[in-house]
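Note sheet for the following structure.
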Amino acid sequence: MKLYDYAMAPNPRRVRIFLAEKGIEIPVEQVDLRERQNVGDDYLAINQYGTVPLLELDNGKHICESIAICRYFEAVQPDPALMGSDPEEQARIEMFQRLVELNGLMPAGEAFRNSHPAFEGRGMAGPLTMAQSPDLAERGTIRVGKFFEKLDNELKNKEFIAGDKYSIADITGLVAIDFAGWSKLVPTDSQVNLKAWYDRVNARPSAKA
Ligand SMILES: N[C@@H](CCC(=O)N[C@@H](CS)C(=O)NCC(=O)O)C(=O)O
C-alpha cells in the first residue's frame, strides 16, 4: 500500500491529517506538482485525472478522491470514528464535510488557482490546459468571505463543526482555512467562534501532517 502525495498541496493533507488522527502510517510517494509529474504518462496511467492524493492498494488497484480514501481507512480501522458512529451522526458529518468542501475548500482553490502566476494555463487541476479566469478568482474570494461568516455562525454553540466530536468536517475546514490564507483570505477579528475553533483544531498534533 502507498499514498501518492504532494506535501504542499491541500487535498492530500486532508488524508494525512485523517491518517495521523487514526495513528495509521503508510508509505508515501511524492508526486511533484510543480514539476508537473502528475500529468506525466506514468502517473496518468494510474490516475487519468492527474490529481493527488491517490491510494495504491496492496492488490495494485487505486483509489483517488480524498474523502473516498478516508472512507476506506475509516472502514479498515473504525477507531477513532471520524465519519460518525450512528446513522444520524454519519449523515450530519457527511453534510458538514460536503458543505465545507463546496463552500470553503473549492472557492479557496478557485481564488488561488485563478490568480497566482504559477498557475497560468492551469485553471483546473489535472491534465487539462485551461486559462485562468479573473472572474472565478473574484467569485472565489467573495465565497470564501461568506463561508467564514457561515462557519462562524455554525460554531456559535459547538466545539466542532458537526457537533461535540472532532470529525472529517473539521479536517476539511482546517485545510480550507489554511488554503484560503494562501490568497490572504483570513477570518475577521469579530469571527470569534471561528477563530477559537481554528485554534482548537490547529493545536492537535495531526494538524502538522
Ligand atoms: N476532489 C479531489 C481534488 C484533488 C486535487 O485537486 N488535488 C490537487 C492538489 S490539492 C491536484 O492534484 N492538483 C494537480 C494540478 O494542480 O494539476 C480530492 O479531494 O482528492
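The values are calculated or read from the model by the stated rules, or taken from the named source; none is laboratory data. Given the structure is predicted, the values throughout are model-derived calculations rather than measurements. We place every Cβ from the backbone using ideal geometry, glycine too, and count neighbours over all the protein chains shown. The protein model used for the area step is the full one, side chains on, heavy atoms only, and it has no ligands, DNA or RNA in it. Shrake-Rupley method; radii C 1.70, N 1.55, O 1.52, S 1.80 Å.
Overview of results
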quantity: Index of the failed condition, GLY50 passing every other in (1) over 15 Å from the mean Cα position of the chain (by Cα); (2) more than 8 Å from the ligand (Cβ to nearest atom); (3) open to solvent by less than 40 Å² (accessible area, probe 1.4 Å); calculated: (2)
quantity: Hits in segment 17-46 (condition: within 12 Å of the ligand (Cβ to nearest atom) and either assigned to a helix (DSSP H, G or I) or open to solvent by less than 60 Å² (accessible area, probe 1.4 Å) (or both)); calculated: PHE18, VAL31, ASP32, LEU33, GLN37, ASN38, VAL39, GLY40, TYR43, LEU44
quantity: Condition broken by GLU120, with the remaining ones in (1) in contact (Cβ under 8 Å) with a residue 12 or more places away in the chain; (2) open to solvent by less than 90 Å² (accessible area, probe 1.4 Å) satisfied; calculated: (2)
quantity: Odd one out for ASP58 among (1) open to solvent by 10 Å² or more (accessible area, probe 1.4 Å); (2) within 13 Å of the ligand (Cβ to nearest atom); calculated: (2)
quantity: Number of positions in segment 74-85 that are within 22 Å of ASP164 (Cα to Cα) and either modelled with pLDDT under 95 or in a helix (DSSP H, G or I) (or both); calculated: 2
quantity: Boolean, LYS195 is assigned to a helix (DSSP H, G or I), over 27 Å from LEU19 (Cβ atoms) and open to solvent by 30 Å² or more (accessible area, probe 1.4 Å); calculated: no
quantity: Residue, farthest from ALA207 (Cα to Cα), within segment 1-16, restricted to residues that are without any contact (Cβ under 8 Å) to a residue 60 or more places away in the chain and within 9 Å of the ligand (Cβ to nearest atom); calculated: TYR6
quantity: Pair list, Cβ under 7 Å, 6 or more apart: segment 36-61 residue within 13 Å of LEU3 (Cβ to Cβ) and touching a residue at least 12 places away in the same chain (Cβ under 8 Å), other residue buried (at least 16 other Cβ atoms within 10 Å of the Cβ) and acidic (Asp, Glu); calculated: VAL52/ASP5; PRO53/ASP5
quantity: Residues within segment 61-72 that are near the ligand (Cβ under 8 Å from one of its atoms) and open to solvent by less than 20 Å² (accessible area, probe 1.4 Å), tallied; calculated: 2
quantity: Index of the failed condition, GLN132 passing every other in (1) in a helix (DSSP H, G or I); (2) crowded, with 16+ Cβ neighbours inside 10 Å; calculated: (1)
quantity: Options MET95, MET106; residue that is in a helix (DSSP H, G or I), in contact with a Gly (Cβ under 9 Å, 6 or more places away or on another chain) and on the phi < 0 side of the Ramachandran plot; calculated: MET106
